[in-house]
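The values are calculated or read from the model by the stated rules, or taken from the named source; none is laboratory data. Note that the structure is a prediction, hence the values are computed from the model and not measured. As a convention, Cβ positions derive from the backbone with ideal geometry for all residues, glycine included, and neighbour counts pool all protein chains shown.
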Amino acid sequence: MRKIVVTSGKGGVGKTTVTASLGRKLALRGYRVVLVDGDVGLNNLDVVTAIERRVVYDISDVLMGKCRAFQALVQDSESSMRILPSSKDSSLLTAQAFKGVVDSFGEFDFVIIDCPAGIEHGFHRAVSAADEAIVITTPSLSAIRDADKVLGLLRSYRLSDVSLVVNRVRPDMVAKHEMLGAAEIGALLHVPPIGVIPEDDLITLYQQLGSVPDCAISDRAYLALADNVANNSKAFYDVTQKRRFGRRR
Ligand SMILES: Nc1ncnc2c1ncn2[C@@H]1O[C@H](COP(=O)(O)OP(=O)(O)OP(=O)(O)O)[C@@H](O)[C@H]1O
Ligand SMILES: [Mg+2]
């Protein structure tokens, strides 16, 4: 089982969107995937995956012994991926309890944890339960600065791998030097981007329906990200630049 936390520091950069899309691509390749919503109180993984109305139990019910962790999982309508909904109340959710629930999913290939924004307790709880981290940033300077802070904090956790995803890249602006490109952001942060997701209006439009169509420009980018995650590789494939670079490892 690989346990991956998707984090960022700055809010609203696309953690939940990337968690849901990456999980679904891995599941469509045949991997057993569970997403754990670590964003207690402000959870929206259930909304983004359109399972909201089918939620019966959440992580608090698991901790209170009302059900087993597996029983609380809700299956995605588009794939075999399952989602563990978050609770509205965080009182029972210590880092240790959260880790215990994550570790109970041993029969899955991937547990992907959607981290809350910020670097407070919720961040610590989500990161402590993982072995690997994916840091999301957008090309905005404030997001890059927060990603840098988070990368610093992640060094104090025993993680086997930390990688970067650059989200909301606008190729037209990169070409005009109005926006930093993914390669430049990777160089600034000293972490190779394993995913470059373009700005895609279809994401916001279709997210309310629970899935983004295959024709979306971001779809290819998510496939490339899923390839890297599944193969544990760091190939740099920037769909916004339409150029492929060699594998880094
Ligand atoms: N590549 C993209 N192109 C266009 N819109 C996007 C893209 N990625 C995410 N979004 C939009 O950005 C908004 C924030 O995304 P999301 O909720 O995934 O961020 P988050 O980091 O999880 O936020 P929070 O910190 O509040 O948990 C959503 O409305 C989503 O549809
Ligand atoms: Mg989120």
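So which of Val34, Val6 ends up being within 18 Å of the chain's Cα centre (by Cα), within 13 Å of ligand 2 (Cβ to nearest atom), among the aliphatic types (A, V, I, L, M) and under 22 Å from Asn228 (Cα atoms)?
Matching residue, one of Val34, Val6: Val6.
Only residues that are away from ligand 1 (no atom under 16 Å from the Cβ) and of a type in the set (D, E, K, R): list them for the range 88-139, please.
Asp89, Lys99, Asp103, Glu107, Asp109, Asp131, Glu132
Before we move on, is Lys99 part of a helix (DSSP H, G or I), in contact (Cβ under 8 Å) with a residue 24 or more places away in the chain and charged (D, E, K, R)?
It is true that Lys99 is part of a helix (DSSP H, G or I), in contact (Cβ under 8 Å) with a residue 24 or more places away in the chain and charged (D, E, K, R).
Among what's in the range 164-211 and is within 16 Å of ligand 2 (Cβ to nearest atom) and at pLDDT below 95, pick the residue that is surrounded by the most Cβ atoms within 10 Å (Cβ to Cβ).
My answer is Ile203.
I need the full set of residues from the range 15-31 which are within 16 Å of ligand 2 (Cβ to nearest atom) and aliphatic (A, V, I, L, M), in order please.
Val18, Ala20, Leu22
Working only within the range 106-138, note down all residues that are assigned to a loop (DSSP other than H, G, I, E, B), in contact (Cβ under 8 Å) with a residue 12 or more places away in the chain and under 16 Å from Gly11 (Cβ atoms).
Of everything in the range 106-138, those that are assigned to a loop (DSSP other than H, G, I, E, B), in contact (Cβ under 8 Å) with a residue 12 or more places away in the chain and under 16 Å from Gly11 (Cβ atoms) turn out to be Cys115, Pro116, Ala117, Gly118, Ile119, Thr138.
For the range 94-122, what are the residues that are out of contact with any strand residue (DSSP E or B) (no Cβ under 9 Å at 6 or more places or on another chain) and surrounded by 21 or more Cβ atoms within 10 Å (Cβ to Cβ)?
Hit for the range 94-122 is Gly122, nothing else.
Looking only at the range 9-43, how many residues end up being surrounded by 24 or more Cβ atoms within 10 Å (Cβ to Cβ), farther than 15 Å from Phe108 by Cα and either among the basic types (Lys, Arg) or in contact with an Asp or Glu (Cβ under 7 Å, 6 or more places away or on another chain) (or both)?
6
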